[in-house]
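This report concerns only the one structure given below.
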Amino acid sequence: MSVPAALAEFVRNRAGHRCEYCGMSQALQGATFHIEHIVPLTCGGSSSEENLALACPSCNLHKSDRSHAIDPATREKVELFHPRKQAWTDHFIWAGKQVEGRSAIGRASVSALDLNHPRRIRVREAEAMLDLFVS
């Protein structure tokens with residue numbers, strides 16, 4: 001489902017043109033980032049600005065219509081990271097160019113969204129060379 005152009009631009013600007021899950025910059029990507037429903041419409045979410053995030057295609061496709069995932073450390077089902085209600089640094093930390101989960105939500109999100117796929121690490125290395133990597 002698409003959102004109005006003005007709302008989409010608001011979401012892109014609010015995110016600084018970066019994926020709100022993995023932090024990737026839109027600047028080096030050939031694919032357009034997605035306006036993503038944090039709480040999916042299928043789970044009762046809305047298309048309001050507080051439920052929309054900017055997501056790279058990989059994060060959006062891995063997240064799909066999920067709002068929860070399994071924490072690999074405890075095997076418990078937990079909510080995925082919610083960029084409007086939670087601070088990224090409360091749930092994640094950078095370990096070089098890899099993202100580590102600091103909490104159950106962080107660990108589940110790293111696993112479910114495949115945040116440390118080798119391609120993502122290579123993109124982060126390229127971003128660092130161009131001074132686009134934000135750690």
In region 18-72, which residue that is under 11 Å from the mean Cα position of the chain (by Cα), part of a loop (DSSP other than H, G, I, E, B) and not small (Gly, Ala, Ser) is surrounded by the most Cβ atoms within 10 Å (Cβ to Cβ)?
TYR21
For residues that are among the hydroxyl-bearing types (Ser, Thr, Tyr) and surrounded by 15 or more Cβ atoms within 10 Å (Cβ to Cβ), tally how many sit in region 1-17.
0
Out of region 74-85, which residues are assigned to a loop (DSSP other than H, G, I, E, B), farther than 21 Å from ALA15 by Cβ and touching a strand residue (DSSP E or B) at 6+ places or on another chain (Cβ under 8 Å)?
GLU76
Tell me which residues, restricted to region 86-132, are in contact with a strand residue (DSSP E or B) (Cβ under 8 Å, 6 or more places away or on another chain) and either surrounded by fewer than 16 Cβ atoms within 10 Å (Cβ to Cβ) or assigned to a loop (DSSP other than H, G, I, E, B) (or both).
ILE93, TRP94, GLU100, ARG102, LEU115, ASN116, ILE121, LEU132
Cβ-Cβ under 6 Å, sequence separation 6+ or interchain: first residue in region 53-76 and closer than 26 Å to GLN29 by Cα, partner polar (S, T, N, Q). Which pairs?
ASP65/THR42
State the number of residues belonging to region 76-103 that are of a type in the set (A, V, I, L, M) and within 21 Å of HIS37 (Cα to Cα).
3
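Rule-based calculations on the coordinates, nothing more; no lab input. Being a predicted model, the structure only gives us computed values, none of them experimental. For neighbour counting, all protein chains shown are included, and Cβ atoms are generated from backbone atoms with ideal geometry for every residue, glycine included.
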